[in-house]
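Chemist: To start, I am sharing the structure in question, which I have written as structure tokens.
The values are calculated or read from the model by the stated rules, or taken from the named source; none is laboratory data. None of the values given here were measured: they were computed from a predicted structure. Cβ sites come from the backbone with ideal geometry, for glycine too, and all protein chains shown count toward neighbours. The area values use the complete protein model at the heavy-atom level, side chains included, leaving out ligands, DNA and RNA. Shrake-Rupley method; radii C 1.70, N 1.55, O 1.52, S 1.80 Å.
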Amino acid sequence: MASRGTVKASANFNASADAEVLQKAMKGLGTDEDAILQLLTARSNAQRQEIKAAYKTLFGKDLVDDLKGELGGKFETLIVALMTPPLTYDVTCLRNAIKGAGTDEKVLVEILSSRTAQQVKDIVAAYRQEYDDDLEEDVCGDTSGHFKRLLVILLQANRQTGIQEGNIEADAQALFKAGEEKYGTDEQSFVTILGNRSAQHLRKVFDAYMKMSGYEMEESIQRETSGGLKDLLLAVVKCARSVPAYFAETLYYAMKGAGTDDNTLIRVMVSRSEVDLLDIRAEFRKMFACSLHSMIKGDTGGDYRKALLLLCGGDDA
């Protein structure tokens, strides 16, 4: 499958030459931030890892440590994220979400509902290797109730594949009975069905549910549930419909209103830049009255903005 990312590998790539450019940009008085961001956003993550290795070979120093020493603030956070291998980045984001002060549920929701089954399996294995801890145990120790149960189901990464024609009506019926028809919601049905069925199957279930109840699945979840569980169920439903549309909405709300949620903005732009950011941009333009490019431009500043716009890769005005 052709990547729908905005960031592609550079064609005539030379890791040592790039390492020298970066070293020059950081040497002496003042840092040439522009040279750093232009170069790093024009290389794939795999190439950035080669540059990191070449830098150590040439100068006997760690490139990421040197970058951290020269840069600051949100721009530094963004550049360090770009220098981190994708799997390590997901694992680090989850670890910080769990081990920080108070659990950052938003990060757990976003990563575990949007990654493929194989990616989740890789995350669980890498987490164990990196921290000698069990991700499921850490999640369980930090969450509770049906929110915890659905996270655990997602961590099993055992979603069915394909469409079970025979179960579409039954699943829709079970969700209808558990939600709209019942006084007080039976969350377990939502958790089991939304956590275990394939995206293609769920899209058919949502259509059947709409015919049966007169409501979109999302509307019922909004009304019937609350808190972390509501956010997680909505994310799972939205990702079943369209992962790029889910991320377009995530980016929009990270920037809309007073103050920007820079952590989310950085996380999504970096982690989707080589996956589906072109599709996210297209969905963003369809869903909102502006382009992703114009919203980033209006909401951020300085080198941070320059780097984000290069990752965005173009304006869909």
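Chemist: Give just the number: which of (1) outside any helix (DSSP H, G or I); (2) open to solvent by 70 Å² or more (accessible area, probe 1.4 Å) does Val7 not satisfy?
Modeler: Unmet for Val7, out of (1) outside any helix (DSSP H, G or I); (2) open to solvent by 70 Å² or more (accessible area, probe 1.4 Å): (2).
Chemist: Let me ask something additional. Just need a number here: residues in the stretch 192-226 that are assigned to a helix (DSSP H, G or I) and under 15 Å from Leu150 (Cα atoms).
Modeler: Looking only at that region, the number is 6.
Chemist: Still on this model: Tally the residues that are open to solvent by 70 Å² or more (accessible area, probe 1.4 Å) and either within 26 Å of Met212 (Cβ to Cβ) or touching a Pro at 6+ places or on another chain (Cβ under 7 Å) (or both), restricting the search to the stretch 144-159. Talk me through it step by step, then tell me what you get.
Modeler: Residues of the stretch 144-159 open to solvent by 70 Å² or more (accessible area, probe 1.4 Å): 144, 149, 156, 158-159.
So of that shortlist, the ones also either within 26 Å of Met212 (Cβ to Cβ) or touching a Pro at 6+ places or on another chain (Cβ under 7 Å) (or both) come out as 149, 159.
Total satisfying the criteria: 2.
Chemist: Filtering the stretch 208-223 down to residues that are of a type outside the set (A, V, I, L, M, F, W, C) and buried (at least 20 other Cβ atoms within 10 Å of the Cβ), which residue is farthest from the chain's Cα centre (by Cα)? Steps first, answer last, please.
Modeler: So the first thing to find is which residues in the stretch 208-223 are of a type outside the set (A, V, I, L, M, F, W, C), and the list is 209, 211, 213-216, 218-220, 222-223.
Adding the requirement that they be buried (at least 20 other Cβ atoms within 10 Å of the Cβ) leaves 209, 220.
On the way: Tyr209: 28, Ser220: 25 Å.
Of everything passing the filter in the stretch 208-223, Tyr209 is farthest from the chain's Cα centre (by Cα).
Chemist: Those residues that are small (Gly, Ala, Ser) and either open to solvent by less than 10 Å² (accessible area, probe 1.4 Å) or without any contact (Cβ under 8 Å) to a residue 40 or more places away in the chain (or both), I need them from the stretch 264-297; list them, please. Even if it seems obvious, please write down each step before you answer.
Modeler: We begin by selecting, within the stretch 264-297, every residue small (Gly, Ala, Ser); these are 271, 273, 282, 289, 291, 294.
Answer for the stretch 264-297, where residues must be small (Gly, Ala, Ser) and either open to solvent by less than 10 Å² (accessible area, probe 1.4 Å) or without any contact (Cβ under 8 Å) to a residue 40 or more places away in the chain (or both): Ser273, Ala282, Ala289, Ser291, Ser294.
Chemist: Sticking with this structure for a sec: Among Gly162, Gly141, which is of a type in the set (Gly, Ala, Ser) and either over 23 Å from Glu216 (Cα atoms) or open to solvent by 70 Å² or more (accessible area, probe 1.4 Å) (or both)?
Modeler: Going through Gly162, Gly141 in turn, just one is of a type in the set (Gly, Ala, Ser) and either over 23 Å from Glu216 (Cα atoms) or open to solvent by 70 Å² or more (accessible area, probe 1.4 Å) (or both): Gly141.
Chemist: Is it the case that Leu58 is under 23 Å from Arg305 (Cα atoms) and either over 27 Å from the mean Cα position of the chain (by Cα) or surrounded by 19 or more Cβ atoms within 10 Å (Cβ to Cβ) (or both)?
Modeler: no
Chemist: Next up: Confirm whether Glu219 is among the acidic types (Asp, Glu) and either free of Cβ contacts under 8 Å to residues at least 24 places away in the same chain or closer than 26 Å to Asp276 by Cα (or both).
Modeler: When the stated conditions are applied, Glu219 passes them.
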